[in-house]
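**Student:** Supplied in structure tokens, the structure appears directly below.
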């Protein structure tokens, strides 16, 4: 089955156009202020706000943000990662073999609870099946599940137990595979592996590829697998990443005003491109016209059948109204471009690179 | 002659967790909130209290050298420039190949020493109460490598200006027993032909500004042969070796080119929470001695390979305990 076919299952029954530019998000979304207050209460020993209350608060937030994604018109929704604190910590708490020793500095007074792998990592409780089932139940739309990839889980941890980070990465990849099998059994059809660490250590694309082979082993082809990579020099990982066994690459490109776009034109981009069309770190909503222009940048790289529309990255650091505005304008822009494509008003003849003399 | 084993660290400590919280609240989380040398009374008081904590830790564990801790160095090794007048701090950029970031210091005018680090050291000297004090600075080549020049216009002139700047900082230092010059850039972005000799001259210039023993500690690997050979030309008392990151090439360099009369051995991993056994550090020290055969060092500094700011606070304390005990064990064995 080609990548295009496993995308078609996400087309809404009432989709208005022949062309279909799937719109989705990377995952994270600003948490409602009351959720943060609920967390403070839950962590306050003097408060009677108990675990059940805290669970209910997270459920409410997940329902709210899923509905907000629907209202923005997204074809595939996420719960905004309302139940997750941080992209490594959340998983490390659920994997046997990890321990936490306290916060470490990233820069200035920004810290994270970098965990340590102190013994063999093992699959224990499910990580995301509850989250998926809840969101799927709360929405009529298809739901995407973002999972932090094994390379990032390994590299953003202290490794006390494995000979090197590569060995740890491969072990973790098998656990991710186990989790995806459970998600697929629960009905999930769209999984996104997040590997932000890859862009910062691009020489390691080989181990990421090996880990992905472990991740997708025995996963049916109708399950769409994406890979999200952000904030780095893509020329150091392209075209090597085209060998990865995934359907889609989700890339941050609006932030650099598409200065890295040409990287992906030669050789031909053979996977689906989930193009970042909104900047996740600028608190200003791009206009529909601006986003339409950004979407057309993607058509310089792939034909419409291979193009997916998404923000650059998780939008959790934006004010919530700005995040919503970006989603809504993004969907509107995608629908406008679809209409233009249907009408034959957009020239999708991509620039063919001049063949090299060889 | 008997080798003296000295437990020490290259500084760059993590803040105690209470200070992480307090300073987050007092300073904020954005790049313009970071230290620029003119912090207010409340922030200054918080750093003073945190400094007392980390000096207590060093004294409690029995380290043979006391460092100030460099807790104010928000920009890590780029700090001395971040507080200088002729420098603008620009965007957040990646700190070597790590998941850490610092503000890019852009030099826009003639560099003048600030006395910022001297005043930190004076405060530390009071707290050290007679224990041997160790100053810590970025080596001139690393500081040059971390910075951007928009004023001098020539790489050689810029490196020389940075060396003169650091020399001026050292001139203002109170009395200290040792000076560690941290030079990871000598490994990470090795100087090219010609530049390697200039890097060595720059180090020589900074080292000459103090009567203390000067240890130059490159890390995150071993030096290229030529860079190492040039470094030995500088008038320094010890070279540091990162045996955590690279054992073979460091041994090769020592065997092939010899080394200084004193050495620093980076045997505890400053960037991993796995705490080494003191016995294992002692054994590794003996193993290195054994590999070198005839060489008998006057002083062997036992240290973490890197700063420890990237460790959780409790693990940082445990690393210092391991080093102090390892040095005691090594003394006993040697005697």
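**Student:** Would you check if residue B:228 is farther than 18 Å from residue B:135 by Cβ and surrounded by fewer than 17 Cβ atoms within 10 Å (Cβ to Cβ)?
**Tutor:** No, not satisfied.
**Student:** Considering only residues that are in a helix (DSSP H, G or I), buried (at least 19 other Cβ atoms within 10 Å of the Cβ) and within 18 Å of the chain's Cα centre (by Cα), which ones fall in region A:174-198? Full working, then the answer.
**Tutor:** Pass one, region A:174-198, residues in a helix (DSSP H, G or I): A:174-185, A:196-198.
The next check asks that each one be buried (at least 19 other Cβ atoms within 10 Å of the Cβ); those that pass are A:175-177, A:179-180, A:183, A:196-198.
Matches in region A:174-198: A:176, A:177, A:179, A:180, A:183, A:196, A:197, A:198.
**Student:** Please find, among B:139, B:69, B:130, the residue that is free of Cβ contacts under 8 Å to residues at least 24 places away in the same chain and within 27 Å of residue B:5 (Cα to Cα).
**Tutor:** On the way: B:139 fails: free of Cβ contacts under 8 Å to residues at least 24 places away in the same chain; B:69 fails: free of Cβ contacts under 8 Å to residues at least 24 places away in the same chain.
Just one listed residue meets the conditions, B:130.
**Student:** Here's a follow-up. Quick one: which residue in B:321, B:331, B:296, B:325 is over 21 Å from residue B:66 (Cα atoms) and more than 14 Å from chain A (Cβ to nearest Cβ)? Give the steps one after another, and end with the answer.
**Tutor:** Working: B:321 fails: over 21 Å from residue B:66 (Cα atoms); B:331 fails: over 21 Å from residue B:66 (Cα atoms); B:325 fails: over 21 Å from residue B:66 (Cα atoms).
From the options B:321, B:331, B:296, B:325, the qualifying one is B:296.
**Student:** Which residues, taken from region B:283-305, are in a strand (DSSP E or B) and over 14 Å from residue B:323 (Cα atoms)?
**Tutor:** Initial filter on region B:283-305 (in a strand (DSSP E or B)): B:299-304.
Of everything in region B:283-305, just one residue is in a strand (DSSP E or B) and over 14 Å from residue B:323 (Cα atoms), namely B:299.
**Student:** Which residue is nearest to residue B:304 (Cα to Cα), if the candidates are limited to region B:18-30 and must be crowded, with 16+ Cβ neighbours inside 10 Å and at the interface with another protein chain (Cβ under 7 Å from one of its Cβ atoms)? Break it down stepwise before answering.
**Tutor:** Restricting attention to region B:18-30, the residues satisfying the condition of being crowded, with 16+ Cβ neighbours inside 10 Å are B:19-20, B:22-24, B:26-27.
Cutting the leftovers down to at the interface with another protein chain (Cβ under 7 Å from one of its Cβ atoms) gives us B:20, B:23-24, B:27.
On the way: B:20: 22, B:23: 26, B:24: 27, B:27: 30 Å.
Result: B:20.
**Student:** Here is a follow-up. Evaluate region B:59-80: report whether one residue or more is away from every other protein chain (no Cβ under 14 Å), over 18 Å from residue B:178 (Cβ atoms) and over 17 Å from the mean Cα position of the chain (by Cα).
**Tutor:** Within region B:59-80, one or more residues are away from every other protein chain (no Cβ under 14 Å), over 18 Å from residue B:178 (Cβ atoms) and over 17 Å from the mean Cα position of the chain (by Cα).
**Student:** When you go through (1) crowded, with 20+ Cβ neighbours inside 10 Å; (2) under 22 Å from residue B:133 (Cβ atoms) one by one for residue B:163, which number turns out not to apply?
**Tutor:** (2)
**Student:** Is it the case that some residue within region B:269-287 is closer than 16 Å to residue B:4 by Cα and under 17 Å from the mean Cα position of the chain (by Cα)?
**Tutor:** no
**Student:** Can residue B:15 be described as assigned to a helix (DSSP H, G or I), within 10 Å of another protein chain (Cβ to nearest Cβ) and at pLDDT 95 or above? Break it down stepwise before answering.
**Tutor:** On the way: assigned to a helix (DSSP H, G or I): no; within 10 Å of another protein chain (Cβ to nearest Cβ): yes; at pLDDT 95 or above: yes.
Answer is no for this residue.
**Student:** Taking only region A:107-128 into account, find how many residues are more than 14 Å from residue A:172 (Cβ to Cβ) and within 22 Å of the chain's Cα centre (by Cα).
**Tutor:** 5
**Student:** What do you reckon, is residue A:161 assigned to a loop (DSSP other than H, G, I, E, B) and modelled with pLDDT of 95 or more? Steps first, answer last, please.
**Tutor:** Numbers: assigned to a loop (DSSP other than H, G, I, E, B): yes; modelled with pLDDT of 95 or more: yes.
Spelling it out, residue A:161 is indeed assigned to a loop (DSSP other than H, G, I, E, B) and modelled with pLDDT of 95 or more.
**Student:** What number of residues in region A:258-294 are buried (at least 22 other Cβ atoms within 10 Å of the Cβ), part of a helix (DSSP H, G or I) and in contact (Cβ under 8 Å) with a residue 60 or more places away in the chain?
**Tutor:** 0
**Student:** Inspect all residues belonging to region B:274-281 and state whether any of them is under 29 Å from residue B:71 (Cβ atoms), away from chain A (no Cβ under 14 Å) and crowded, with 21+ Cβ neighbours inside 10 Å.
**Tutor:** Yes: region B:274-281 contains one or more residues that are under 29 Å from residue B:71 (Cβ atoms), away from chain A (no Cβ under 14 Å) and crowded, with 21+ Cβ neighbours inside 10 Å.
**Student:** Consider only pairs whose beta carbons are under 9 Å apart and that are at least six residues apart or on different chains; among these, list those whose first residue lies in region A:148-159 and is facing another protein chain (nearest Cβ under 9 Å) and at negative phi and whose second residue is crowded, with 24+ Cβ neighbours inside 10 Å and in a loop (DSSP other than H, G, I, E, B).
**Tutor:** A:156/A:114; A:158/A:114; A:158/B:273; A:158/B:311
**Student:** Now a separate question. State all residues of region A:201-219 that are closer than 12 Å to residue A:166 by Cα, away from chain B (no Cβ under 14 Å) and surrounded by fewer than 22 Cβ atoms within 10 Å (Cβ to Cβ); if no residue qualifies, say none.
**Tutor:** First, pick out the residues of region A:201-219 that are closer than 12 Å to residue A:166 by Cα: A:204-211.
With away from chain B (no Cβ under 14 Å) added as a condition, the list becomes A:205-211.
The answer is A:205, A:206, A:209, A:210.
The values are calculated or read from the model by the stated rules, or taken from the named source; none is laboratory data. Every value quoted in this text rests on a predicted model; they were computed, and no experiment measured them. No Cβ is skipped: glycine too gets one built from the backbone with ideal geometry, and neighbour counts run over all protein chains shown.
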